[in-house]
Each structure stands twice: as C-alpha cells, then as structure tokens.
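Following: one structure in structure tokens, then a few remarks.
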Amino acid sequence: MSSGSASTSVLTLTPTGRLARAERQRLAAEATARGERAWRTPEVLGVGAWLNTLRADALVSGAVDGVIVGDDAARELWREAIDTEVFVGEPRVVELAQRAWRTIHEHRLDAPERWPDVLLSEDSRAFRRWAARFRSACRERGVIDEWTFAAGLPDRIRERTLPLPEAIRRVGFELEPVPLVRALFDALAEAGVRIEDAAPESTPSASPDLRVFADDDGELRAAAAWARARLTERPDARIGIVVPDLAGRLGRIERIFAEVFDPPGFALDDRGDPAWHVSMGPALAEWPLVADALLMLGLGPNRIDQPQAGRLLRCPWLAEHDREHRARSGAEARLMRWAPYALTVPELVFELKNAGATQLARTLEQWRSMTLKHRDAAWPSTWTERFQTELSALGFGHGRALNSREFQVLRRWHELLESFAALDGTVAGPLPRARALARLAERARDVTFREADPGSAVEILGVQEALGARFDAAWLTTLDRDTWPAAARRDPLIPGPVQQRVPTSTADGCRARALAELAGLKRIAPELRGSFARGDDEIPRRCSPLLGIETRDLDEAVEAAPPAAADSGAIALEAVDEDRNAPVLDRDDVRGGTAVLRDQSACPFRAFAVHRLGAVELSAPRPGLDARLRGTLLHRALETFWRRLPDRAALVALDAAERATRIEEAAATALEGVLERHRLTLSRAGRELEQRCTERLLARWLDLERARGPFEVRALEQTIAMRFGPLTLSGTIDRVDATPAGPVLIDYKTGARGRNAWRPAARIDDPQLPAYALSLDDPPAALAFARLRPDDLGFDGLAREDTGIEGVPMLERTGGAWKGIDDFDALLADWTAALNALAWDFAEGKAAVDPREPRVCGHCHLHALCRIHERDRLAMTGAETAGGAEGRE
C-alpha cells in the first residue's frame, strides 16, 4: 500500500531509515505475540523515503511539469554552472554549492536572488550567479531538482494534487524537524490528514554513569568490553554504543571491537557475522570489490603499471581465480623481480601464459581488443553499458563465491551504475572515457555503504541514528565539552544574516540542539553509561557542562582501559624438538654463484631459504631504472666501450671528439640492450636523461682510467668455475687487466662497497672477488672494486705489488681494519679456509658464527628461525665469551 492510497491508510514516519526498519520489526513482533499468522504489512518510511514516494506520486499523477532529478543528476548541472568561473579556495566547490542549495530549501531561507547586495561576500555573490545559471539550465532541460520540488510540496499538499494518507503516525522524532518537514506536516494537517505522535516507550533516565579514560582508544575498548560483558550476562540483550564522531573513527572502531569480541582471530579473515554492527560505513569506493572494479575500468589497453598489474593478478573476483591463483601469484612474483614499473598488455599476457595462468591471459587479450574500440566520447548510458561489458570480458564477479556482505556491495555497485546511466538528461554532451570514469569514481567516493544489520546484539551508532532508538543498555562516548555543544559551522556560500535560522550556524543554536540531543539520548535505555577521554595532557578535555554533572572529582578519576585481549584464555603450545641443522645437500652444483657463500656468511637461514628452498625476496618496482637495471646499464656501457679499445695507450690516444663519440655509442648501445625487452621502462624524456647521465659518468670514469699506469684489457665478462668445499660454483668476472705487476681483477659496483668487506673472518661480508682470485690459474696482483657512483667515483682494493692504481695500495701499506695483515699469500690462505668452511656449512646445513665478531643479522625480517641475531646480542652484552669453533652452532 503506498502513501498515495486514501481512505483508511495510515502512514508511519520516522526521522531515519534505520528507525523505520526497527519500527517494522517491532510491529511484526507485536503481531506475532498476538498470535497472528498473517497481517497487512504496515507502511513505515523514513522522511527521506517518504519524500521519494511523493516525488514518484507527482510524476505519475502529472502534478509537475518536467522530470524530477536527484542529487547525482543535479550535480552535473551545478558543475556546468560553476565550471564557467575559476573559484579560488575550496576544491570541491560543486559539493559546497549543492550543500548550500539544500540548506536554503530545508530551512526555508530567502532565495539567493533576494539577498541584499550589502550582505554579500565574494563567495556568496558567486553562489548567487551559479544558482541563477543552475535554475536556467534546469528550465532548458525540462528538469526539476529534488529540493526545488520539495520546497513546493506544502502547496501541492494543501491543494491535494497528490494522493495523501488518512493519518500519519510519527515515531522517534526526538528533535524538532527542520522547517521544510515542519511545513509539510502543517500542510498535511490543513489538508485534513490526522497527525499522531507515538507515545515514548520509556521515561527519561537519570544522568549517565560517567567514566573518564586517558585516550580515545581506551574509551572505545572499555565500551566494547562492557558490551561483551553485558552480552555474557544476558545473551538476548540489545546494547547501543553511541559515538558522535562515528564517521571519522570507523577504522579504529571496527579494529577495537573485533579485537575485544574475538581476541584470537581479530586479525584473521572474515569469520562470519560478528556480534556487533556499525550503522555507518566507509565510502563505496573503499570496499575491495568496488575498488577493484574501478581499478580495472581505469586500466589502459596499452600500458599497465606494476601496482595495477599486481592488484589485477590478486583480484579474487575474476573468473578461475581459485584454479589459477598460484600461477597468477607466480607471474606477479616474476614481474616484481625482473620487469620494470610499466608494462604493455602483451608483455603481461606473455608472463601469464608462461606461468600457466592461461584463462586470465585469454580474457586480457579479449578485454584489450574490446577496450581499444571504446575510445570515442559517449553518453553516460553508453559508458555504463561499455563498463559492464569490459568487466564481464575480464570475468569480474565470476571468481570465488561472494559472501553476504560482498553480495550487497555488488548490488550497490550495480545501483550506482544504473544511476550513472540516468545522467544523460543533465550532462552537457558526450563524455570522454577519462571524464566518464572520473564522474563514476567521484560518485563511488561520495556514497557511503554499510551492509544490512543481520540482527547484531550490539549496535554502534552516531547521534542521529541513536535518537529515537531503544536499547536494554547503552554507552554514550565522547561526552566532552568540545563535542557537546559542537562549534558553530556557517555555510561559506550563504550570507551570515540569512542563515541565522539554521541552528548549527550560531552558538546559541548549537547549544539548544545539543541539549535536545542529550535529552533524547537519555531516553534510549534504562541503563546508561557515559564517558569521555582526557586526551592530550597539555590541553586536557573536560566533561560537557550540558550534562549537569558535578565534575570536580573527575579529573583524578581516570580509569585504565581493559587489556586488548582481556578474556582470551591461554593457548596450549605445541612442543617441537629443536633442530638447528638443515638436511644435508645431496648435490654439489648450486645456482647463485658466490651469492651462496655471501648469504651463508650473513645469515645461514637466508642461504638455506634462498638457495635451497628457492625463496625470493620481492620489492615493489618503482618508475624508471631501479638500482639493478642502472648497474646493468653501466656494466654494459663499459663492456661495450672496452671491447673497442685494447689498452690504456689506445684510450690516451683518442682525441676529445672521438672519445665523446665512443662514449655516446657505448651508452646508447647499453641503454638499448637494457630497454629491449620492456619498451615502457622509460619515457622518451627519461631515456634522453639516462643517456646523458650515463655519458657524463663514463667520461668522468675514463679520466680515472687515463690516470692509471699501463694496462691492457685482457678479459671482459669472463666466466669462471669455482670449487670450495663440496660446492661447484660459477661466476663472471667483470674485467681482468694485465699490468706489469700482474693481472688485476676489477668488479664494477654501483653500491657502497669497499675492501674492508674482504677482511678474513668466519663471516666475510663480500666473498665474490676473493673467490674469483682463488679460482684463477694465475694469482692476481690486485683485486679492486670500481665504484661507479656519481658521488663516489674511484678504485678501492688491495694489491700484492704496486699496480699504479690510486685507491689500491699494497697490502703491507694498508692500515685501519687491515692493520697487522701484511702477507698476501697468507691472506689468500685465510680466504681459502674461510670460504671452504662456509661451503661445508652450507652443504651440511650448519650455521657459521664467530661470537668474537658479533653482528646483527641484516636479513632476519625474512624468517623467525635464524638464531644468529640472538647469539650476537648475547655476545655483545658479554653474556657469551666462548670463541673459535665453540662459537659455531
């Protein structure tokens, strides 16, 4: 039965939709208690839903000329009116204008054209112009915005041009209605509609039992613990928690209540409907399903960035996710490890096929072909159809089964798409894809969503939702003087004298409203608790004087919040025999080269995890060249340059022009090789910048090479086989120079490395060059890092004899950490012993630790089993003094 039916119809009105649902449930419970098995469903509506019903009745009856449009469609007209000017200040001026327009009509303020010029500020004068353009646009398009229609409803009701009920029963109106709603009730009474107010269900209770807490989280945790305790005592109780600033604390509220109500599992996946429910939800765009849908609609058919690709591959809503999720995860790991920040769609498809995610690869190819056709501008209804088609092509919504909450989110997303399609009548013309998607995303951010309450025993509400509700017990939070009363807020687009009748625009109005709200909140439950948080010690909060409570002793009565998991019992732990050694390696060839020895030295568990279990540490790619690719670029550039020159004499013989040409060619060849596989790694400008930077660095480096003594480049990128202990390893020497003193091993480094990393010990920081030196047929005369950092160019190494390289002194002339080490042959022998020991430890699954050289493991974030850092901590505090072989686990 609609509100338009006549005769014996009775319409029950509530101020909010939540109260309307509660009243319907109450009436149904009463009918059931009377023993009725069937009854006529009473019509119970919130004020907002009732206005929508009147709007529909007006359209059906022809009471208005034109189409009545809602806020979404009107926003386009406001945007059109405002975009003709530049507004300095508030970036969301369209939203501000709509809010001011609503305020004018809800509070029946003077229309903008009637505002005296003397009262106008620059902002209000601009709004008056926008309002005139808005009304003109509405007339041109034959539409009426919902607030203009609502303002004319009292006259239409008096004229009975709309079907009216016989009586209206008002429930839960604790506050005086806004002037527009009050005018509607007056018009209904004049039209002969009987207005009845439901008697309150309970009498006002005494002032709430007030408590004070140190901080906001402690206050919420105490309220959650109290609610849980009440439910334990009385499982059928209905409990309310009122949070005035609910919208700003949603995340913390949900986390704290989940933690208190389910301590062992609050950080785990969704475990079903909780015992508590929050009346307000986040923006629709923040729900994972909608966020993923918007992300996929924003993907380009030619370029996909790695963060976008990662979310696409992890998305559980895509078809065949359950079957392919391992393959998709493998593809994502490979992309993060080897691919640049930006990918083409064919590159992504190639990786998916290689990983075995063939279903997603096929859908991406189909999606790309379809999206390439959707490049022209179109009307919102056409874009809605296109968006739905593109999501269907990706298999969106056909992945894992949706739970109840996700199904409601999906339904709300479809409703948003339908409302977007209805914008054809108000937009100025066809929209480009980017603008259409931006408008859709804007609406998803402006709409809040919360799944329907499944009947939770504990309800967490804001003040407006709580007024008129009834609970067995309730807790009112944030009862401080900063919140009650709230500070006055004036609309910046409406002149001050004009908005004097808006309660929230004046201090007296805010105080009167706060008193009325507190009076209504005192009636929501017979058992009432209240609280506020002291907050910052420098500016502590005080109790609101509107409560009428003696607060002299409250400053010293700060309560401690209950522990986070107060009721969680002890969990029986499984006893596991400690086994510090890994299984013995069953082969001698290990991939990874000298990185095996380096990782074994730094962290034995890391060596086991990476080189035996195949674990990979992934890091998020960044735009441009990362450190790995930039190092590869410089390696290749130097290799290309020296393949065309035999020695230092040839370098010195080059004139400036020839040298610059060779440097440019080497840099360009290296850059082309690095970018060959992934063309979107750098933009054209980025490529030119990297070319110039590489050329500049090479020129500076070659100046250092010219200053060396005589040398001949004997080998570049030389592959070498190594044998340490039971392990056979392979490596690549960047460069070997022949000098009068003997061969010199050179390793290019773009990171921070020096010769101290070779100091002989049980744990050598960087065993790469020592391992190469021990594996050459001819013992080297020197080992050197070539530091290729713009802020730190130079050689750093050790020499048996003088090689004429600055930064590579003879061993006996080296001080610092090398003091006392002056025999090069003995150094080689120490390296041999240390590397052999590391190789045996790796093969036998042992840990190598010398407690005389304590060092915190730098890789323990990978695991929870490595004991090196604990042993080092004991050694550093002097708790363990044993040395040598006794210190090895």
Would you pull out the residues with amide H under 5 Å of L210's amide H, same chain only if 5 or more places away, H placed 1.01 Å from N? G530
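What number, in percent, do you get for the relative contact order of the chain if the mean sequence gap of Cα pairs under 8 Å and at least 6 apart is divided by its residue count?
On the way: 1375 pairs, mean separation 109.2, N = 889.
Computed over the chain, the figure is 12 percent.
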State the Cα centre-to-centre distance between segment 461-520 and segment 366-444 in whole Å. 39
Explain nothing, just compute: Karplus ³J(HN,Hα) = 6.51 cos²θ - 1.76 cosθ + 1.60, θ = phi - 60°, for every residue of segment 648-653 in order, whole Hz, x for Gly and Pro. 5, 4, 5, 5, 5, 6
List every residue whose amide H lies under 5 Å from the amide H of I68, counting only residues 5 or more places away in sequence or on a different chain, with H placed 1.01 Å from N in the peptide plane. I144
Amide H neighbours of W475 under 5 Å, at least 5 residues apart or on other chains, H built in the peptide plane: list them. G240, I241, V242, R529
Once the piece of chain linking T719 and T669 is laid out straight, how much longer is it, given 0.36 nm per residue of separation minus the C-alpha distance between them? 15.8 nm
Hand me the trypsin sites (Lys or Arg not before Pro) from segment 738-801 located in a DSSP loop with no more than 12 other Cβ atoms within 10 Å, in residue order please. none
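What accessible area per residue comes out for the chain, rounded to a whole number of Å², with a 1.4 Å probe?
Numbers: 42850 Å² over 889 residues.
That works out to 48 Å² per residue.
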Roll a 1.4 angstrom probe over the protein heavy atoms and tell me the percent of accessible area of the chain that is carbon or sulfur. 50
Where in segment 117-174 are there GluC sites (Glu not before Pro) that are in a DSSP coil and have at most 16 other Cβ atoms within 10 angstrom of their Cβ? E159, E166
Indicate the helices, whole DSSP H runs only, in the chain that combine a mean Kyte-Doolittle hydropathy of -1.0 or more with a Cα extent along their long axis of 18 angstrom or more. 17-33, 47-61, 93-106, 216-233, 358-372, 380-393, 404-421, 433-446, 507-521, 627-642, 656-675, 824-844
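Mind checking segment 62-159 for chymotrypsin sites (Phe, Trp or Tyr not before Pro) that DSSP puts in a loop (not H, G, I, E or B) and that have at most 11 other Cβ atoms within 10 Å?
none
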Identify which of the listed values of semi-axes √(5λ) of the Cα gyration tensor in Å was calculated from the structure shown: (i) 65, 40, 22; (ii) 49, 32, 28; (iii) 70, 37, 27. (iii)
Distance in nm between pseudo-label sites at D823 and N756 (7 Å out along the Cβ direction from Cα): 2.6
In deg cm²/dmol, rounded to the nearest 500, the helical mean residue ellipticity at 222 nm of the chain, built from -39500 (n - 2.57) for every DSSP H run of length 4 or more, is -13500 deg cm²/dmol
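The values are calculated or read from the model by the stated rules, or taken from the named source; none is laboratory data. Since the model is a prediction, treat every value here as computed from it, not as a measurement. All Cβ positions, even for glycine, are placed from backbone atoms using ideal geometry, and neighbour counts span all protein chains on display. Keep in mind that these areas ignore ligands, DNA and RNA; they rest on the heavy atoms of the full protein, side chains included. Shrake-Rupley method; radii C 1.70, N 1.55, O 1.52, S 1.80 Å.
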